[in-house]
Amino acid sequence: MNKFYNCFTPLNNESNKDSVKIEINHNFKSLIEIFDYFGDVLYKDAPEKNIILGGTYFGKNIDAFFDCLTNYFFEVNEYAIDVYIDSKSVDIPDKYFYIFINTLFAVRRHFPDMQLNVLLSQEIFNFYFDMEDYLIQTYLLEPSPFE
């Protein structure tokens, strides 16, 4: 197993809750598959607890995913969640996978009391910061059209 790094925040599982481990790797061919996997893991034993649409629904786009994840913590909050991101599929465009990771970090940063840990392998850690660098170089260092 790879070594994983927690980014931006300390590990958060100070409660006595059991934690559920969600592992993301190159076997997921789309973000929809990843969203569905979250729903299956978190609601498999109690799909009626999902007040968004019932069942194991966990979004069909990044906004819905964000809503479903925060809703889980506000409404169910049964388990702490440890998300391990080991690798990514070449079928998922880099920018969308970057946004997915950033969405997890946003939930973690904006709701620090939620029991969510996001851990990245060295490969994904490097990917994330390479994308950050690319975005800064591409969009922030260009001459402003307003100057």
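Just so it is clear, none of the values below were taken in a lab; they were calculated from the coordinates. What you see is a predicted model, and the numbers here were worked out from it, not measured in a lab. So basically every Cβ, Gly included, is an ideal-geometry build from the backbone, and we count neighbours across all protein chains shown.
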- Just give me the residues in the stretch 71-110 being of a type in the set (A, V, I, L, M) and over 19 Å from Glu23 (Cβ atoms), in sequence order. Val76, Ile99, Ala106
- Message: Cβ-Cβ distance below 8 Å, separation of 6 or more or different chains: which pairs start in the stretch 70-87 with a residue that is at negative phi and in contact (Cβ under 8 Å) with a residue 40 or more places away in the chain and end on one that is of a type in the set (Ser, Thr, Tyr) and assigned to a strand (DSSP E or B)?
- Response: Tyr79/Ser19; Ala80/Ser19; Ile81/Ser19; Asp82/Ser19; Tyr84/Ser121; Ile85/Ser121; Asp86/Ser121; Ser87/Ser121
- Looking only at the stretch 31-69, count how many residues are over 16 Å from Ile99 (Cβ atoms), of a type in the set (Val, Ile, Thr) and either under 14 Å from the mean Cα position of the chain (by Cα) or part of a helix (DSSP H, G or I) (or both). 1
- Those residues that are hydrophobic (A, V, I, L, M, F, W, C) and outside any loop (DSSP other than H, G, I, E, B), I need them from the stretch 78-106; list them, please. Ala80, Ile81, Val83, Ile85, Phe97, Ile99, Phe100, Ile101, Leu104, Phe105, Ala106
